[in-house]
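Colleague: Shown below is the structure under consideration.
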Amino acid sequence: MPTKAEFMSERIEQRFHSDFNELLAHFSAAAVFQGIRSFLQLNYTAEELLMAPVTPGGAYRKLLALSLLTLINREAITPLTDFNELAEKDLVELRRETGIGVELIPAPAPPAPTAEELLAAEVRSDWKKLSSDQLRKKKANSRAYSNMLEKLANDGTLESSVTSLQIAGS
């Protein structure tokens, strides 16, 4: 009959594997198992390892996460293939969980501009490039364009196309 620590460690390992299954799928299972086992034996005493599964606060999971990430960072285990998007996502989550290498997490892509932002950019560009007649035509053809032109003009955010003042004869 398994002890409480053995039962808990098995459950924690199953959950850990489930949480990072896409990342783990890119490595040899034997290499990951042996690497984590070796890391834990080299860095922790037998008593620490026996107590970790029943220690509150997820100590055993932290040991597993730290072990796996250290092995990956030090290239002690090498992936069988390039990481796919889901494996990269798992790696980011592993970095966040351990706090190791968080500076390596790529910044999220800026959100795509909204329709309103795109229209405002178009109006600003047209204001600089088009003649008054062309602006009037666009304004007459689109209520949204007309409203945006009016809004930007009232806000004072349209740049003047006049760049210098020339006095006749100078």
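Colleague: Quick one: count up the residues across region 105-145 that are surrounded by 10 or more Cβ atoms within 10 Å (Cβ to Cβ) and closer than 30 Å to Glu93 by Cβ.
Modeller: 2
Colleague: Next up: I want to confirm something. Restricting to region 15-42 and keeping residues that are polar (S, T, N, Q) and under 14 Å from Leu63 (Cα atoms), which single residue is surrounded by the most Cβ atoms within 10 Å (Cβ to Cβ)?
Modeller: So the residue we want is Ser38.
Colleague: Please give the number of the condition Met51 fails out of (1) touching a helix residue (DSSP H, G or I) at 6+ places or on another chain (Cβ under 6 Å); (2) modelled with pLDDT under 95.
Modeller: (1)
Colleague: Another question, if that's okay. For a quick check of your reading of the model, give me the residue pairs whose first member lies in region 113-127 and is closer than 17 Å to Lys139 by Cβ and among the hydrophobic types (A, V, I, L, M, F, W, C), whose second is open to solvent by less than 80 Å² (accessible area, probe 1.4 Å) and assigned to a helix (DSSP H, G or I), with beta-carbon atoms closer than 6 Å and at least 6 apart or on different chains.
Modeller: Matching pairs, first to second residue: Leu119/Met148; Ala120/Met148; Val123/Met148; Val123/Leu149; Val123/Leu152.
Colleague: Can you tell me which residues in region 73-106 are more than 16 Å from Ile12 (Cα to Cα), touching a residue at least 40 places away in the same chain (Cβ under 8 Å) and part of a helix (DSSP H, G or I)?
Modeller: Passing the criteria: Leu86, Ala87, Lys89, Asp90, Leu91, Glu93.
Colleague: Taking region 43-72, which residues are open to solvent by 70 Å² or more (accessible area, probe 1.4 Å) and either within 26 Å of Leu104 (Cα to Cα) or in contact (Cβ under 8 Å) with a residue 24 or more places away in the chain (or both)?
Modeller: Within region 43-72, Asn43, Leu50, Met51, Lys62 meet the criteria.
Colleague: Sticking with this one: Taking only pairs six or more apart or across chains, which ones have beta-carbon atoms under 9 Å, a first residue in region 2-21 that is among the polar types (S, T, N, Q), and a second residue that is open to solvent by less than 80 Å² (accessible area, probe 1.4 Å) and in a helix (DSSP H, G or I)?
Modeller: Ser9/Leu49; Ser9/Ala52; Ser9/Pro53; Ser9/Val54; Ser9/Tyr60; Asn21/Asp90
Colleague: In addition: Among residues belonging to region 109-132 that are of a type in the set (Ser, Thr, Tyr) and part of a loop (DSSP other than H, G, I, E, B), point out the one that is modelled with the lowest pLDDT.
Modeller: Ser131
The values are calculated or read from the model by the stated rules, or taken from the named source; none is laboratory data. For clarity, every value in this text was computed on a predicted model and none was experimentally measured. Glycine gets a Cβ as well: all are built from the backbone with ideal geometry, and neighbour counts include every protein chain shown. Just so you know, the surface numbers come from the protein's heavy atoms only, side chains and all, with ligands and any DNA or RNA stripped out. Shrake-Rupley method; radii C 1.70, N 1.55, O 1.52, S 1.80 Å.
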